[in-house]
Amino acid sequence: MSKIQSKLNAPLLEVNKLRAWYGAAQALFDVSFNVRPGEVVALMGRNGAGKSTTMKTIMAMMERRAGNVKFMGQDISAWPTHSIAASGLGFVPEDRRIFTALTVNENLMVGQQAARLWPDGTAAPFWQVSQLFELFPNLKEMQHRLGSQMSGGEQQMLTVARSLMGNPYLLLLDEPSEGVAPLIVEQMAHMILELKARGVSILLSEQNLHFADLVCDRAYVLEKGVIQYEGTMAELNANESIRRSYLSV
Ligand code: ATP
């Protein structure tokens, strides 16, 4: 058992029979999975499989939803989004919501929350701006730049950095590699491994098996709002029929 695992005796995130609807159309069907302390878990599937909807449902951003979400042992299913975020569950949505009229530094300050403790009283991962600049050297060089003057990949990094200012136990990362340049994808992979090393757990939505394989421990594969497969990255890699059926590889 890792040092981080020993700090909690339950999974960090436990999702049970999650359902969600857009109007009358059901998008998730009894989705259940978990993320254990210290893990990087991939939520995989093609476009429209339900990855973003799963994250939005966990964050209580889907108006019509059902099922149960436990975070750090607490049932958060009925909590409003801001309380969930304040409890240490960070969310980086696909559509990078930075404040374009604010500078990089100002954007970071918006995300700032107090330091956190694990249930056993020891310190949870904590981020200072200087440490974030070590993780994202590009951002250091553009501290005073307005959000509107950054590229898509730079905005993506700023969104992740701003979420880290909240010192999350767990980060939900919605398709961090999508639509960004190869160099930034490489930096993203490095960043995720660094977060893991510092004790931040991650649920990563991804269609790209190569990227998931670089950084993840386990994967759940979604198709049409149903979990079709779960296994370690090594098991998924070895399973050609699942890869062919549900992933774009
Ligand atoms: P992507 O990579 O395209 O974001 P995804 O796996 O995240 O894929 P979701 O965005 O969760 O998939 O979509 C799941 C289903 O819900 C799809 O059938 C999609 O068409 C539908 N859907 C998503 N957003 C909306 C919306 N705002 N209104 C209606 N239907 C939606």
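The table for this structure:
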item	result
In the range 116-154, residue surrounded by the most Cβ atoms within 10 Å (Cβ to Cβ) [restricted to those that are more than 14 Å from Gly199 (Cβ to Cβ) and among the aromatic types (Phe, Trp, Tyr)]	Phe136
Matching residues in the range 111-140 - criterion: being of a type in the set (A, V, I, L, M, F, W, C) and more than 22 Å from Ile184 (Cβ to Cβ)	Ala114, Ala115, Leu117, Trp118, Ala123, Ala124, Phe126
Single residue of the range 192-215 satisfying the filter (within 16 Å of the ligand (Cβ to nearest atom) and modelled with pLDDT of 95 or more) that is nearest to Asn167 (Cα to Cα)	Leu203
Out of Leu183, Leu158, sole residue that is closer than 29 Å to Ala234 by Cβ, in a helix (DSSP H, G or I) and not acidic (Asp, Glu)	Leu183
Single residue of Asp30, Asp95 found to be within 14 Å of the chain's Cα centre (by Cα) and not in a helix (DSSP H, G or I)	Asp95
Evaluation of Val110 against (1) surrounded by 21 or more Cβ atoms within 10 Å (Cβ to Cβ); (2) closer than 29 Å to Met62 by Cα (one fails), failing number	(1)
Matching residues, the range 6-20, being modelled with pLDDT of 95 or more and either loosely packed, with under 15 Cβ neighbours inside 10 Å or more than 9 Å from the ligand (Cβ to nearest atom) (or both)	Leu12, Leu13, Glu14, Val15, Asn16, Lys17, Leu18, Arg19
Count of residues meeting criterion [under 20 Å from Gly179 (Cα atoms) and either without any contact (Cβ under 8 Å) to a residue 24 or more places away in the chain or part of a helix (DSSP H, G or I) (or both)] in the range 106-150	5
Test: Ala24 is within 16 Å of the ligand (Cβ to nearest atom) and without any contact (Cβ under 8 Å) to a residue 12 or more places away in the chain	yes
Boolean, Ile184 is more than 16 Å from the ligand (Cβ to nearest atom), in contact with a strand residue (DSSP E or B) (Cβ under 6 Å, 6 or more places away or on another chain) and not small (Gly, Ala, Ser)	no
Filtered residues of the range 164-186 (kept if more than 22 Å from Val35 (Cα to Cα) and either of a type in the set (Gly, Ala, Ser) or buried (at least 22 other Cβ atoms within 10 Å of the Cβ) (or both))	Gly179, Ala181
Selected residue (only one of Ala161, Ala238, Ala189 is surrounded by 22 or more Cβ atoms within 10 Å (Cβ to Cβ) and either more than 16 Å from the ligand (Cβ to nearest atom) or among the small types (Gly, Ala, Ser) (or both))	Ala161
Every residue from the range 53-84 that is within 16 Å of the ligand (Cβ to nearest atom), surrounded by fewer than 20 Cβ atoms within 10 Å (Cβ to Cβ) and either at positive phi or not in a loop (DSSP other than H, G, I, E, B) (or both)	Ala60, Arg64, Arg65, Ala66, Gly67
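Let's see how each residue does on (1) among the basic types (Lys, Arg); (2) without any contact (Cβ under 8 Å) to a residue 40 or more places away in the chain; (3) farther than 19 Å from Lys51 by Cβ:
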residue: Leu172; (1), (2), (3): no, no, no
residue: Glu175; (1), (2), (3): no, no, no
residue: Leu183; (1), (2), (3): no, yes, yes
residue: His190; (1), (2), (3): no, yes, yes
residue: Gln207; (1), (2), (3): no, no, no
residue: Ile242; (1), (2), (3): no, yes, no
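The values are calculated or read from the model by the stated rules, or taken from the named source; none is laboratory data. Worth saying up front: this structure is predicted, and the values here are computed from it rather than measured. Cβ atoms come from the backbone with ideal geometry, glycine included; neighbour counts cover every protein chain shown.
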